[in-house]
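Take this structure, written in structure tokens, and hold onto it; I'll ask about it next.
The values are calculated or read from the model by the stated rules, or taken from the named source; none is laboratory data. Just so we're clear, the structure is a prediction, and the values are computed from it rather than from any experiment. FYI the Cβ positions are ideal-geometry reconstructions off the backbone, even for glycines, and counts take in every protein chain you see.
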Amino acid sequence: MSSDSHLNGSPASRPPLDIAALVKEHAGKNYELQTEHINPANVRTLKTIGFDRCYTRAEGSYLWDVKGEKYLDLLSGYGVFGLGRNHPEVRRILKEFLDLEYPSLVKMEAPLLSGLLAAELKKRMPNELDMVFFTNSGAEGVETAIKYAKCATGKPAIIHCKKSFHGLSSGALSINGDDSFRDGFAPFLPDCRAIPFNDLAALEAELAKGDVAAFITEPIQGKGVNLPLPGYLLAAQQLCRKQGALFIDDEVQSGMGRTGKFLAIEHEGAVDPDIVILAKTLSAGFVPVGAVLCKKWIHEKVFSSMQRSVVHSSTFSQGSFAMAAGLAALDVLDRENLIANAAKMGDFIGHGLTAMIPRFEFMKEVRWRGLMTGIEFGPPKSLTLKIAWSTCHALDKSLFPQAAVIPLLDKHRIITQVAGHNVDVVKLLPPLILNETDAKYFLTAFEDVMVQMHKFPGPAWDVLTRIGKMAVTQRAR
């Protein structure tokens, strides 16, 4: 049967799509379909590290694969599923909304639901941010912020931090601090300059050049889970004010309650960002949606007249279903006290991991704010473990944390990730609904993995050696 056999015959003669039957028929064929049609390089990567699972069911903090195995998801779609997967209350709201047959994207109108969602978001800001623009992703929000900053200030330069991640679209990539994402995509936007995170002197020197439209930063860097020094963000904001540059707070991953406050920047105290970017959990895990909040004077510089009233726009911005999802996300976040739970469970995991450091030579530091956690490994003291460390890093600088990530998945059915390229950090981004039972399960599992990692030679090192040699072979091709 040819690949387009389903197109044979007249449309009326074909049965209507049965999505449940289609999913059942092709269950387990994920990777062959991805290899043929989507991204074979990514398939090879997933197979190399043993992440080539086919998931067929999702609920709360858990996933089930095609074999019926249950997994604890501590990655939550890079933070998208802050409310957990398939939250029943969000599903109820979205089903009821679909039954309304409500209009969407009329365009020549002023949509109701986006106005309601904007009002709810403004209530949750730590400062006065007057206007909201809705996007379809965090990267699109960053693009919006770049345009706003240049238009509002009349200046060309954007300052960002090394090791930053603000998205992979062309403008966002210009202010991405990781060369592994940038290679092959130059030239970038001009006048984008990188400084070290937590370096106020470097920021002040760049601002003093007088051409800076904005400084954009993540209040916690997602790549590596790097925390700001006490007072850094507030001082950076004040330096921006002094030089007439905007201070842009990228909360795409750290916002929406993940760190135990609605915005991660609130841990700094009396902060006053000019622009805040949100996404991920705002979607409730169902419909892509992001938001850019800004001060009124910035908005008025961009949309300065009736002729410029749509000078910045997006086809799917303010879609009614997305706005309903955003309203549902905020409602669940409030009614289930998920921000407080993130703070409580984050401390439970963070303190539990920190208590392990004296026992395990490879564990260097644990960094966290709420349920955003980085576990950093470092060189051991004992000779045999030093050999393991150096051998692993000689094969691939990003390989070592896989010694924890892979057995967490294979043996304990826990999904985590390495926190970036060329870093020795395992990252946790659990859903904000995480309970103490699952937190204890993770700590027990991680302790077991550490015990095994400190046996050299051992099964963990056999796996890493195999993966490292495969990576070297791939690079040589």
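Take the residues in region 350-370 that are of a type outside the set (Lys, Arg) and part of a strand (DSSP E or B), then tell me which one is nearest to residue 453 (Cα to Cα).
So, considering only residues that are of a type outside the set (Lys, Arg) and part of a strand (DSSP E or B), the one nearest to residue 453 (Cα to Cα) is 363.
When residues of region 59-111 are filtered for being out of contact with any strand residue (DSSP E or B) (no Cβ under 7 Å at 6 or more places or on another chain), under 27 Å from residue 257 (Cα atoms) and loosely packed, with under 13 Cβ neighbours inside 10 Å, how many remain?
Total meeting the criteria: 4.
Separate question: At least 1 residues that are modelled with pLDDT under 85 and touching a Pro at 6+ places or on another chain (Cβ under 7 Å) in each: list the helices (runs of 4 or more DSSP H) lying fully within region 382-477 that qualify.
In region 382-477, the matching helices (runs of 4 or more DSSP H) lie at 459-476.
Which number in (1) out of contact with any strand residue (DSSP E or B) (no Cβ under 9 Å at 6 or more places or on another chain); (2) crowded, with 20+ Cβ neighbours inside 10 Å; (3) among the aliphatic types (A, V, I, L, M) marks the one condition that residue 340 misses?
The number of the failed condition is (2).
Looking at residue 173 and the list (1) part of a loop (DSSP other than H, G, I, E, B); (2) farther than 21 Å from residue 301 by Cβ, which single condition is not satisfied?
Here residue 173 meets the rest and fails (1).
Oh, and also: Where residues in region 107-126 are in a helix (DSSP H, G or I) and under 23 Å from the mean Cα position of the chain (by Cα), which of them is farthest from residue 325 (Cα to Cα)?
Per the criteria, the residue is 122.
Answer yes or no as to whether residue 345 is touching a Pro at 6+ places or on another chain (Cβ under 9 Å), over 26 Å from residue 115 (Cβ atoms), touching a residue at least 60 places away in the same chain (Cβ under 8 Å) and not assigned by TED's automatic domain parsing to the domain that holds residue 232.
For residue 345, the condition - touching a Pro at 6+ places or on another chain (Cβ under 9 Å), over 26 Å from residue 115 (Cβ atoms), touching a residue at least 60 places away in the same chain (Cβ under 8 Å) and not assigned by TED's automatic domain parsing to the domain that holds residue 232 - is met.
Pick from 246, 293: which is more than 21 Å from residue 432 (Cα to Cα) and in contact with a Leu (Cβ under 6 Å, 6 or more places away or on another chain)? Walk me through how you get there before you give the answer.
Values: 246 fails: in contact with a Leu (Cβ under 6 Å, 6 or more places away or on another chain).
Answer to the selection: 293.
Identify, please: which residue in region 45-98 is at pLDDT 95 or above and of a type in the set (Phe, Trp, Tyr) and is, among those, nearest to residue 419 (Cα to Cα)?
The residue in question is 78.
Could you pull out the residue among 197, 181, 215 that is under 29 Å from residue 373 (Cβ atoms) and in a loop (DSSP other than H, G, I, E, B)?
The match here is 197.
How many residues does region 74-106 contain that are touching an Asp or Glu at 6+ places or on another chain (Cβ under 8 Å) and part of a helix (DSSP H, G or I)?
Number satisfying all stated conditions: 2.
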